[in-house]
Amino acid sequence: MTTWQDDASRDLMSLGGRLALLTRGEGSHVWDANDRRYLDFLGGIAVNCLGHAHPVFVDAVSKQAATLAHISNYFASPAQLELAARLKRLARTGDEGRVFLANSGTEANEMAIKLARLHGGKTGKSTILVLEGAFHGRTMGALSITPKAAYREPFEPVLPGIRAIAPTLEALEEAMDDSVVALFAEPIQGEAGVVPLPDGYLARARELTSQHGALLVLDEVQTGSGRTGEWFAFQRAGIVPDAVTVAKSIAAGFPLGALLTFGATSDLFYPGTHNSTFGGNPLASAVANAVLDHIETAGLLENVTARGAELRAGVEGLPLVSGTRGEGLLIGITLAAPVAGEVRAVAHERGLIVNAPADDVIRIAPAYTIGDDEVSEFLALFGEALAAVATTIPTQTETPA
Ligand SMILES: *Cc1c(COP(=O)(O)O)cnc(C)c1O
């Protein structure tokens, strides 16, 4: 008898993704083909912000699919216009701004690289600064601004003119000069293990990029759309970047990404310089509108902040936990030993989905809708998983020989 794993190994590209065969979801839970239930605290990697099968999501998909799903970029739709205006309003950066709707975070970042090139065409600059530890996507452009060697090396040569610097104020001060066309940064590096930028980094980056005529481009694919308790993480820093990219939670699981530009940067693209067949289609746009409207009207940003604080307080003191990082419901739980992979696996066996972006970090990014029940279920399951792994670690001797 062949198993689903056999089918997957034979028919799918060999790129991983074999943890379970999931068949349905409801709220913060998913079920596999054997009807095993899991508490989903990864949320499709910071995507399922309303959990699974939320009525707002289901209604929006159904209604728009039954009305008008796809047109082409020769036409506009009310849903697309509403979403662009909504994103500008939520960004609170004033009237001067434009939005392009794409289908993923990577695509939004690709367009941001083209934005930097257009800016370079006007100014004669070409160096793009990126931060060590960054993740911006897997297509050739997005990969070029993602310094991680394991992702890049098999695909070199990548785009020229990109310089990776340490995510420190000193490295920024040292690297910034008039040859720099843009600085790309994530306010919190999600894939690196939920690593925030140093205090004051964004404010200083804004000053230095402005001073040298470079663009400040923020990748908020993971931190945007309310994930940190603010609509955009840059709002917490009190700065306005030249451009920001979003995706992941923006449509709660429907594929959609966006590039927002602010101020003069908004006039760099002109007809013929970019487009997308699916990008900004009425279906994806309508779902994003419904999701963002629900986050707003149901007060979910307040819930993100409150539940995030509860979770951070709750995990402190659990076995192996050495600290927490992140904001809102993007949380990195650091461990006292490099056993995050084991903790993830034991948690999975016990019915809890989390991930391990680094050897000593567990990441959680649950739905914005979680309440007391989900928080206590998480703390119980996660505590058990940690305790089980802790017993397998040899205890340190007090005085090394
Ligand atoms: C996930 C992610 C991306 C890539 O987005 P996709 O939708 O997978 O293309 C880019 N940047 C950051 C910060 C991300 O977390």
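Given the C-alpha atoms of the stretch 227-382, compute the convex hull and give its volume per residue in Å³.
Considering the Cα atoms of the stretch 227-382, their hull volume per residue is 152 Å³.
Whole number please: convex hull volume per residue, Cα atoms of the stretch 137-185, in Å³.
It comes to 81 Å³ per residue, whole-number rounded.
Take the solvent-accessible surface of the protein heavy atoms, probe 1.4 Å, and return the percent of it on the stretch 102-187 that carbon and sulfur atoms account for. Kindly include the intermediate steps, with their values, before the conclusion.
On the way: 2040 of 3640 Å².
That fraction is 56 percent.
What translational diffusion coefficient, to the nearest whole µm²/s, does the stretch 68-297 have by Stokes-Einstein, given a Kirkwood radius computed over alpha-carbon pairs, a temperature of 10 °C and 1.306 mPa s viscosity? Each step should come with its number before you reach the end.
Details: Rh = 17.6 Å.
Reported coefficient: 90 µm²/s.
Put +1 on the Cβ of every Lys and Arg and -1 on every Asp and Glu Cβ in the stretch 258-345; which of Val321, Leu292, Ala258 then has its Cα farthest towards the positive end of the dipole?
Result: Val321.
If all Cα-Cα distances of the stretch 131-226 are sorted into 5 Å bins from 0 onward, what percent lands in each bin, rounded to whole numbers?
2, 13, 24, 25, 20, 12, 3, 0
Charges at C-beta only: +1 for Lys and Arg, -1 for Asp and Glu. How large is the resulting dipole of the stretch 64-127 about its Cα centre, in Debye rounded to 20?
For the stretch 64-127, the charge dipole is close to 280 debye.
Any idea what the dipole of the chain comes to, in debye rounded to 20, about its Cα centre with Lys/Arg Cβ at +1 and Asp/Glu Cβ at -1? Display every interim value, and only then the final one.
Working: 30 positive and 46 negative charges, 188 e Å.
So the dipole magnitude of the chain works out to roughly 900 debye.
Select from the stretch 213-274 those chymotrypsin sites (Phe, Trp or Tyr not before Pro) which occupy a DSSP coil region and have at most 15 other Cβ atoms within 10 Å, ordered by residue number.
none
For the stretch 316-401, which trypsin sites (Lys or Arg not before Pro) are in a loop by DSSP, counting at most 12 other Cβ atoms within 10 Å?
Qualifying residues, ordered by number: none.
Please give the net charge around Gly314, taking every other residue with its beta carbon less than 13 angstrom from that of Gly314, where Lys and Arg add +1 and Asp and Glu add -1.
Summing Lys and Arg as +1 and Asp and Glu as -1 gives -3.
What share of all Cα pairs of the stretch 1-87, in percent, falls into each consecutive 10 Å distance bin?
For the stretch 1-87, the pair-distance distribution reads 13, 29, 30, 23, 5, 0.
Considering every Cα-Cα pair within the stretch 44-108, what fraction, in whole percent, is farther apart than 16 Å?
On the way: 1337 of 2080 pairs.
Here the tail beyond 16 Å accounts for 64 percent of pairs.
For the stretch 227-312, take the convex hull of the Cα atoms, compute a quarter of its surface area, and give me that in nm², please. Working shown, then result.
On the way: hull surface 28.3 nm².
Here the figure is 7.1 nm², rounded to one decimal.
Quick one: accessible surface of Ser72, probe radius 1.4 Å, all protein chains present, in square angstrom to the nearest 10.
Estimated to the nearest 10 Å², Ser72 gives 40 Å².
Can you give me the Kirkwood hydrodynamic radius for the stretch 108-175, using every pair of distinct Cα atoms, in Å to one decimal? Walk me through the numbers before you get to the answer.
Details: mean 1/r = 0.0798 Å⁻¹.
Taking the inverse mean of 1/r over all distinct Cα pairs, the stretch 108-175 comes out at 12.5 Å.
Over the residues of the stretch 34-150, compute the C-alpha Rg and express it relative to 2.2 N^0.38 Å.
The value comes to 1.39.
Rg and Dmax of the stretch 244-290 over Cα atoms: what are they, in angstrom?
Gyration radius and largest Cα-Cα distance of the stretch 244-290: 12.1, 32 Å.
Note down the accessible area of His52, probe 1.4 Å, to the nearest 10 Å².
Approximately 40 Å² for this residue.
What would the Debye equation give as log₁₀ I(q)/I(0) for the chain at q = 0.06, 0.10 Å⁻¹, counting only Cα atoms as equal point scatterers?
For the chain, the Cα-only Debye profile gives -0.24, -0.69.
How many Å² of accessible area per residue for the stretch 311-375, probe 1.4 Å?
Per-residue accessible area for the stretch 311-375 comes out at 34 Å².
How many angstrom separate the Cα center of the stretch 290-308 from the Cα center of the stretch 352-369?
After rounding, the separation between the Cα centres reads 20 Å.
The values are calculated or read from the model by the stated rules, or taken from the named source; none is laboratory data. These figures come from a predicted structure and were not determined experimentally. When we count neighbours, we look across all protein chains shown, and the Cβ atoms used for this are built from the backbone with ideal geometry, even at glycine. What goes into the accessible areas is simple: the full protein's heavy atoms, side chains included, and nothing from ligands, DNA or RNA. Shrake-Rupley method; radii C 1.70, N 1.55, O 1.52, S 1.80 Å.
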